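What follows is calculated from the coordinates using simple rules that are stated; it is not laboratory data. These figures come from a predicted structure and were not determined experimentally. We place every Cβ from the backbone using ideal geometry, glycine too, and count neighbours over all the protein chains shown.
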């Protein structure tokens, strides 16, 4: 039998909901014999440039909702979360590092992705600087000299741009965003739908 | 023992997700011994004026997602849904009629709310005109002469404005929106969270 297709999991470390999903997706996929294909996206491109909207923290009403909501979602999922302590955080370097790692070892890259999301949202530490990115990579046993050089290369910079363009072409607009068997799903609050699809392969109600 | 507080259920017939939730909320509430307090809101105020965003159908990427997504959500919930055939639809008259009915018979008003949402999203018929509103009311046995006059009264027009202001003050920004025991929840994809709260009264994972 053919290997079932992986779950494309689009993340941007800047999103608390992306972090929350990053703590769940591997276990959920494994329960259904699926792999996870971790894919970077930039909300600064999809939300601001493509959709022409404001970031959630600058959107009246939704900002307050989301600030509270992430805590109860974290509690439901049994993971820690903290407030964003670095409002000017940029995920660019971390995502370039992720892409460089993915070229060499995709499992290592997935671990790095989870670590970077957790650095911002569980530890409350900045992820913007090269030092921060390399510190997390070092904890995973990565060759940080090679990574430090690789993540600043023109090829990797171009690759991130291509990845984001590709995500937009797939209709990815928010984070977390899942695509499995051609089905797009947005939001950590839809993990139940992802699970439903993986279990039943249709949108008919559970028998 | 005190009666448990009702679930405030904010709806705007213009939202397909609001329609979908309108087909579920009474059964869900009844399972947990709760009443539903149906409350009108206007996305044209919350989304456009207060949040300064675009309507979903005018938002790149999200428009396509939502157009497809409502069909699979309807299938999961076991209810019919169709495309919006009246892009210039206005919910104002229907919501004024709802408020007038609510002053006289809140159960009748709830039935009317469900009927108006279904008229637009299951039958595919317009709900903007006085004729459409009165036709749905007549099917429920409402005194349409009294309703026709009542829904155009200055008092009811002011009441709708007050209701929307109140919703915004409560932090309501999208539809469907639920508030129960002080907990705000947005989205038909969060019915599972509403059910979790009603069952456990906390955000701890289910034991």
Report yes if residue A:49 is in contact (Cβ under 8 Å) with a residue 24 or more places away in the chain and surrounded by fewer than 20 Cβ atoms within 10 Å (Cβ to Cβ), otherwise no. no
Reported set for the stretch A:57-66 where residues are facing another protein chain (nearest Cβ under 10 Å) and assigned to a helix (DSSP H, G or I) is A:58, A:62, A:63, A:64, A:65, A:66
Filtered residues of the stretch A:38-56 (kept if farther than 21 Å from residue B:176 by Cα and within 13 Å of another protein chain (Cβ to nearest Cβ)): A:41, A:43, A:45, A:46, A:47, A:48, A:49, A:50, A:51, A:52, A:54, A:55
Helices (runs of 4 or more DSSP H) contained entirely in the stretch A:112-207, each with at least 2 residues that are within 13 Å of chain B (Cβ to nearest Cβ) and surrounded by 14 or more Cβ atoms within 10 Å (Cβ to Cβ): A:154-169, A:191-200
Residues satisfying the stated conditions in the stretch A:82-111, i.e. in a loop (DSSP other than H, G, I, E, B) and surrounded by fewer than 20 Cβ atoms within 10 Å (Cβ to Cβ): A:82, A:83, A:84, A:85, A:86, A:87, A:88, A:89, A:90, A:105
Kindly provide the set of residues from the stretch B:30-54 that are within 18 Å of the chain's Cα centre (by Cα) and closer than 18 Å to residue B:3 by Cβ, ordered by number. B:30, B:34, B:35, B:36, B:37, B:38
Hey, does the stretch B:67-77 have a residue that's more than 30 Å from residue B:199 (Cα to Cα), touching a helix residue (DSSP H, G or I) at 6+ places or on another chain (Cβ under 9 Å) and either surrounded by fewer than 20 Cβ atoms within 10 Å (Cβ to Cβ) or more than 10 Å from chain A (Cβ to nearest Cβ) (or both)? yes
The residue from A:55, A:60, A:40 that alone is buried (at least 17 other Cβ atoms within 10 Å of the Cβ) and either free of Cβ contacts under 8 Å to residues at least 24 places away in the same chain or touching a helix residue (DSSP H, G or I) at 6+ places or on another chain (Cβ under 8 Å) (or both) is A:40
Is it true that residue A:187 is touching a strand residue (DSSP E or B) at 6+ places or on another chain (Cβ under 6 Å) and closer than 13 Å to residue A:9 by Cα? no
Here the residues within the stretch B:185-204 that are more than 18 Å from residue B:31 (Cβ to Cβ) and touching a helix residue (DSSP H, G or I) at 6+ places or on another chain (Cβ under 6 Å) are B:189, B:203
Given (1) out of contact with any helix residue (DSSP H, G or I) (no Cβ under 9 Å at 6 or more places or on another chain); (2) under 29 Å from residue B:181 (Cα atoms), residue B:32 misses just (1)
Counting only residues that are more than 15 Å from residue B:151 (Cα to Cα) and touching a residue at least 60 places away in the same chain (Cβ under 8 Å), how many does the stretch B:78-105 have? 3
How many residues does the stretch A:171-197 hold that are touching a residue at least 24 places away in the same chain (Cβ under 8 Å) and under 23 Å from residue A:44 (Cβ atoms)? 11
Is it the case, given these coordinates, that residue B:154 is touching a helix residue (DSSP H, G or I) at 6+ places or on another chain (Cβ under 6 Å) and either closer than 30 Å to residue A:76 by Cα or free of Cβ contacts under 8 Å to residues at least 12 places away in the same chain (or both)? no
Does the stretch A:10-22 contain any residue that is within 17 Å of the chain's Cα centre (by Cα) and surrounded by fewer than 20 Cβ atoms within 10 Å (Cβ to Cβ)? no
The stretch B:127-180, residues that are more than 19 Å from the chain's Cα centre (by Cα) and at positive phi: B:141
Just name the residue that is surrounded by the most Cβ atoms within 10 Å (Cβ to Cβ) out of those in the stretch B:24-37 that are away from chain A (no Cβ under 14 Å) and part of a loop (DSSP other than H, G, I, E, B). B:34
